[in-house]
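The next block holds one structure in the form of structure tokens; read it before the comments.
Derivation of every value follows stated rules applied to the coordinates shown; laboratory data play no part. Computed from a prediction, not measured in an experiment: that's the story for all the values here. Cβ placement follows ideal geometry from the backbone for every residue including glycine, while neighbour counts extend to all protein chains displayed.
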Amino acid sequence: MRRIINDLKAPYTLADKPLSKIDQMLLDSAAAQLYPDGTAQTRNRQFYTPVSAIMKRAGVEMKIKRPKGWRG
């Protein structure tokens, strides 16, 4: 999770955004920025899963769409 927070640069930083302002478009942009050459499986495993877990733990019940092809 530290990489997700530290490696993202403006305007896609998640660390400075209130949870209520994080939406699917922001998550997709952040995942693409962190893993520009990553497959759908990599983005799901390395980005969407940890972000989803943290948001659920914080009480945000947002349905996060995974990238197409993430199941293989």
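Just a few scattered comments:
- Estimated Rh, region 24-72: Kirkwood, alpha-carbon pairs, angstrom: 11.0 Å
- With the simple model of a label 7 Å out from the Cα in the direction of the Cβ, Gln24 to Arg45 spans 2.5 nm.
- In this simple spin-label approximation, Asp16 and Asp37 carry label points 7 Å from Cα along the Cα→Cβ vector, and these lie 2.9 nm apart.
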